[in-house]
1. Can you name the residue in the stretch 66-88 that is surrounded by 15 or more Cβ atoms within 10 Å (Cβ to Cβ) and more than 20 Å from GLY171 (Cα to Cα) and is also nearest to the chain's Cα centre (by Cα) among such residues?
2. Looking at the stretch 314-343 only, could you name the residues that are surrounded by 21 or more Cβ atoms within 10 Å (Cβ to Cβ) and among the small types (Gly, Ala, Ser)?
3. Just checking, which of SER267, SER213 is of a type in the set (Ser, Thr, Tyr) and under 21 Å from THR101 (Cβ atoms)?
4. Can you tell me how many residues in the stretch 89-101 are surrounded by fewer than 20 Cβ atoms within 10 Å (Cβ to Cβ) and either touching an Asp or Glu at 6+ places or on another chain (Cβ under 6 Å) or aromatic (Phe, Trp, Tyr) (or both)?
5. State which residue pairs qualify: first residue farther than 19 Å from ARG442 by Cβ and inside the stretch 193-206, second residue surrounded by fewer than 24 Cβ atoms within 10 Å (Cβ to Cβ) and modelled with pLDDT under 95 in any location, beta carbons under 8 Å apart, and separation of 6 or more residues or different chains.
6. Would you please name the residue that is surrounded by the fewest Cβ atoms within 10 Å (Cβ to Cβ), looking only at residues in the stretch 111-129 that are charged (D, E, K, R) and without any contact (Cβ under 8 Å) to a residue 40 or more places away in the chain?
7. Could you please give the count of residues in the stretch 335-352 that are part of a loop (DSSP other than H, G, I, E, B) and not small (Gly, Ala, Ser)?
8. Restricting to the stretch 257-272, name every residue that is under 23 Å from PRO300 (Cα atoms) and crowded, with 18+ Cβ neighbours inside 10 Å.
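The values are calculated or read from the model by the stated rules, or taken from the named source; none is laboratory data. Predicted model only: the values in this text are computed from it and were never measured. Counting neighbours? That spans all protein chains shown, and the Cβs are built from the backbone with ideal geometry, glycine included.
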Amino acid sequence: MADNTQISAAKVAQIIGLDPLTMRDRLASGLLKVTDVAAAYIAQVKAREGDVKAWSWLEEQHVMQEAARLDALRKAGLPIGPLHGMPVAVKDIIDTKGIPTENGTVLDKGRVPGADAAVVRKLKAAGAFVMGKTVSTELAFMAPGKTTNPVNANHTPGGSSQGSAAAVSAGMVPLAIGTQTGGSVIRPAAYCGIYGFKPSFGAIPRTGILPQSPSLDTVGVFATSIEGLAMLGDALFGDDPADKTTSPAAPPRLLETALSDVPVRPSFAIMTQMPGATPCPDMRAAMEEISALLNATSFPLDLPTIFDEAAEIRERINFAEMAKCYYAYENRGRDALADVTLAAIDKGKSILARDYIAALDWPKMLNAALDEVFERCDVIICPATPTPAPEGLSSTGSAIYNGLWTLAGLPVVTLPLFEDSHGMPMGLQIVGKHGHDARLLRTARWLLNEIKVTSEELTDA
C-alpha cells in the first residue's frame with residue numbers, strides 16, 4: 001500500500017465500524033479526515049474484494065485524490081455539503097463522468113460517459129464522492145455478475161444491484177446506490193444482511209441511468225443503518241425536468257423525520273403469504289416472532305384476489321418495455337447476451353399493445369385496494385424474500401415478495417433482523433403508502449428500537 005494510504009488495522013476497524021451518521025458528523029466537524037476514511041475503506045477493499053468481487057471499477061489513486069480535495073476544501077474554510085467526505089458506491093448502470101459505466105455487458109466494454117447521472121450530480125453537490133462502480137447483472141436483469149455473498153461466498157448476493165449490496169455488507173463502503181425494477185434493491189439487501197430502501201416511484205430522478213422499464217425503474221440505496229438510508233436519500237430526492245416521473249415538491253426531510261419520535265404507537269398489517277409464494281420454515285418462524293411482538297397493534301393481512309395477477313402484470317410491463325429499451329443491444333450483439341436476457345426480450349416482443357396498455361392501468365387499481373389497507377395500519381410487514389440467499393451463483397434468487405410493491409410504486413425498507421438455521425441473513429421488509437417515505441423510515445427505526453428493547457428485557461429476565 002502506498003505511503004499516503006498506510007493505516008493501522010485498528011484504525012481501519014474503528015472507522016469502518018462507525019455508523020454512517022456518526023461518520024458524517026465527525027467528517028463535518030473535522031474530527032475525521034476524509035483521507036483517513038478513504039484509506040480505511042481502501043484497506044478493507046484490499047482485504048475483502050478478492051473473495052467478494054463487488055467492484056467493476058475502483059482505482060485507489062482516484063479515491064485518495066477525491067479525499068484530499070475534500071480535506072483541502074474544508075481546511076480552506078469553504079462551504080461543505082451535508083454528506084461532506086462520505087464515500088458512496090454507484091451501480092454500474094449509473095453514468096459517471098470520466099469513469100467507466102459498462103452496464104454489466106461486454107457490449108458496453110470501455111464505455112466512459114461524458115456526463116454524470118442526476119444522482120451522481122446530487123451526490124457531488126452534497127459533498128460525497130464516488131468510491132467506485134459496483135457490479136450489476138447484465139443490463140440490470142437476471143444474468144448474474146461475478147459478485148458473491150459476503151456472508152457466504154457459496155451463495156448468491158442477489159441481483160441486479162449485487163455489487164452495491166455486497167460492498168456495503170463487506171464493509172468496503174458505508175453507502176451505496178442501486179436500482180430496482182423487480183426486487184433489485186430489497187432482495188440483495190436481505191440476502192447480504194444490510195439495510196435497503198426503495199423509495200416511492202418518482203422520488204429520485206433516473207436521468208443518466210440505463211432504462212430497462214421506465215414504468216417500473218426506481219433508484220434505491222443501501223446502508224448499514226436506517227439513518228444511513230435516510231441521509232443518502234435526502235441527498236438524492238428531488239425534481240429533475242429530464243425525468244417526467246419526478247415533480248417539484250418540498251424536501252421530504254427523511255433523516256429529520258426518521259430521528260423523530262412517533263406521535264403514537266404504529267399499527268401493522270402482517271402478511272406472511274404472498275400470492276404465488278410460500279416462505280421457508282425459518283422465515284415463517286421469524287414472521288411468527290414479529291407477529292407475537294406486535295400482537296397488540298397488528299392484524300394479519302390476506303390480499304384480495306386481484307393481487308394474484310400482480311406478478312404477471314409487472315412482468316408484462318417489464319418485458320414489453322425491455323424489448324423496446326434493449327433493441328439497440330439486441331440489434332448490435334444478440335449473440336453476446338445471456339439466454340435469460342434474450343428470453344425476456346423475445347417475450348416482450350410478443351406482447352400485444354392492447355395487453356401492455358391495459359397493464360399500465362394496474363398500479364392505480366392496486367393502490368386503490370391498498371389504500372383501504374393503509375386506512376387500518378401505518379405499514380405492511382412481510383418477508384423480504386421467501387428464503388435466505390440460495391446456494392450457488394447461477395441465479396439471483398426470487399423477487400416474488402418485491403415485485404408487487406415495485407409495480408404499485410410504494411416505498412419499502414429492508415431490515416436485516418433474522419438469520420436462518422445456517423447463519424444466513426433473512427430480511428424483513430416494511431411497506432409504506434406512496435409518498436410517505438419519511439414516515440416509513442421513522443416507523444422502521446421505531447420497530448428496530450422496539451425489538452432491541454424486547455430482546456434486552458428477555459435477556460435480563
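1. Filtering the stretch 66-88 down to residues surrounded by 15 or more Cβ atoms within 10 Å (Cβ to Cβ) leaves 66-68, 70-71, 73-74, 80-88.
Filter again for more than 20 Å from GLY171 (Cα to Cα), leaving 68, 70-71, 73-74, 80-82.
Working: ALA68: 28, LEU70: 26, ASP71: 29, LEU73: 30, ARG74: 30, ILE80: 26, GLY81: 23, PRO82: 21 Å.
If we take residues in the stretch 66-88 being surrounded by 15 or more Cβ atoms within 10 Å (Cβ to Cβ) and more than 20 Å from GLY171 (Cα to Cα), then PRO82 is nearest to the chain's Cα centre (by Cα).
2. Across the stretch 314-343, the qualifying residue is only ALA320.
3. Working: SER267 fails: under 21 Å from THR101 (Cβ atoms).
Within the list SER267, SER213, the selection yields SER213.
4. Final tally of qualifying residues: 1.
5. GLY202/SER247
6. If we filter the stretch 111-129 for residues that are charged (D, E, K, R), which is where we start, we get 111, 116, 121-122, 124.
Keeping just the survivors that are without any contact (Cβ under 8 Å) to a residue 40 or more places away in the chain gives 111, 121, 124.
On the way: ARG111: 12, ARG121: 16, LYS124: 18.
Looking at residues that are charged (D, E, K, R) and without any contact (Cβ under 8 Å) to a residue 40 or more places away in the chain, I get ARG111.
7. Pass one, the stretch 335-352, residues part of a loop (DSSP other than H, G, I, E, B): 337-338, 351-352.
With not small (Gly, Ala, Ser) added as a condition, the list becomes 337, 351-352.
Selection size over the stretch 335-352: 3.
8. Our first condition is that a residue be under 23 Å from PRO300 (Cα atoms); within the stretch 257-272, this holds for 262, 264-272.
Those that are under 23 Å from PRO300 (Cα atoms) and crowded, with 18+ Cβ neighbours inside 10 Å: PRO266, PHE268, ALA269, ILE270, MET271, THR272.
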